[in-house]
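Below is one structure, written out as structure tokens, with a few remarks after it.
FYI, it's all coordinate maths here, none of it is from the lab. No experiment lies behind these values; they were computed from the predicted model shown. For neighbour counting, all protein chains shown are included, and Cβ atoms are generated from backbone atoms with ideal geometry for every residue, glycine included.
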Amino acid sequence: MKKFKDYFTCVPTLETERFLLVPFAREDMDAYFDILRDDRVQKYLGGGVPLFDREPHITNWLYNVNDRLLKRKLVFTWCVKEKASGSVIGRVDLGGFVKQTMAEIAYHYAYESWGRGAASEVAAKVTDFGLNELGLRRIQGPVRVENGASMRVLEKNGYQREGTLHYYPFGREFHDAVMLAKVKQADAGEP
């Protein structure tokens, strides 16, 4: 089995029944910017995902998510694409690693993908990757209290509500959030 550190040479491609999770590439950026331009999507991001649709910002961002942040073992950032059409429908991150045992999941999707099971299907794959490939013991996801749909995504994947965090940072804003987490219990003989 690979060690935690061995996974950070490149963003791994993950696959579900309907979606591919791949590293972002330049050709994905226009579709991703269209997602970010939608106020319905931005509503839950706290101004934390600014529109950076000009050079050199695009090149810098691609370098950061596919190289610099990855090699520092800070975050995996995936572009979510529909298998059938090849369309970019969203982004999912797994990062904020603590002692190689814990991480945070975050995601956002094109409005047209909401309510179609995409977030649940992709969260299941990323959660499995984190717990069973990386060997994490805990993956958590803070969700703004008014975002019931996102809470249901995580709960469908076995995440439990742990409580409400007041004045929690979301991007450049602060909001009340519900913390959900999935914890993998230790096997016999493990600490």
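The set of residues in the stretch 37-70 being under 26 Å from F8 (Cβ atoms) and under 15 Å from the mean Cα position of the chain (by Cα) consists of L45, G48, V49, V65, N66, L69, L70. In this entry, A84 passes the filter for residues that are touching a residue at least 24 places away in the same chain (Cβ under 8 Å), in a loop (DSSP other than H, G, I, E, B) and aliphatic (A, V, I, L, M).
Of the residues V92, V75, V41, V88, which is of a type in the set (A, V, I, L, M) and touching a Gly at 6+ places or on another chain (Cβ under 6 Å)?
Working: V92 fails: touching a Gly at 6+ places or on another chain (Cβ under 6 Å); V41 fails: touching a Gly at 6+ places or on another chain (Cβ under 6 Å); V88 fails: touching a Gly at 6+ places or on another chain (Cβ under 6 Å).
Being of a type in the set (A, V, I, L, M) and touching a Gly at 6+ places or on another chain (Cβ under 6 Å) holds for just one of V92, V75, V41, V88, which is V75.
Checked against (1) more than 25 Å from F52 (Cβ to Cβ); (2) surrounded by fewer than 19 Cβ atoms within 10 Å (Cβ to Cβ); (3) aliphatic (A, V, I, L, M), L74 passes all but a single condition, namely (1).
Here is a yes/no grid of residues against (1) crowded, with 16+ Cβ neighbours inside 10 Å; (2) under 13 Å from the mean Cα position of the chain (by Cα):
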position: L94; (1), (2): yes, yes
position: K99; (1), (2): no, no
position: E112; (1), (2): no, no
position: R116; (1), (2): no, no
position: A123; (1), (2): yes, yes
position: T127; (1), (2): yes, yes
position: L136; (1), (2): yes, no
position: N157; (1), (2): yes, no
position: G171; (1), (2): no, no
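Figure legend. Inter-residue proximity from the stretch 1-19: first residues free of Cβ contacts under 8 Å to residues at least 60 places away in the same chain and closer than 24 Å to Y63 by Cβ, second residues among the acidic types (D, E) and surrounded by 14 or more Cβ atoms within 10 Å (Cβ to Cβ), beta-carbon distance below 8 Å, spacing 6+ or different chains. No pairs are indicated.
Among the residues of the stretch 7-35, those that are surrounded by fewer than 14 Cβ atoms within 10 Å (Cβ to Cβ) and β-branched (V, I, T) comprise T9, T13.
So for the stretch 161-169 (the condition being of a type in the set (V, I, T), closer than 19 Å to P23 by Cβ and in contact with a strand residue (DSSP E or B) (Cβ under 7 Å, 6 or more places away or on another chain)), does at least one residue qualify?
First, pick out the residues of the stretch 161-169 that are of a type in the set (V, I, T): 164.
Applying the additional criterion that residues be closer than 19 Å to P23 by Cβ yields none.
The answer is no, given that none of the residues of the stretch 161-169 is of a type in the set (V, I, T), closer than 19 Å to P23 by Cβ and in contact with a strand residue (DSSP E or B) (Cβ under 7 Å, 6 or more places away or on another chain).
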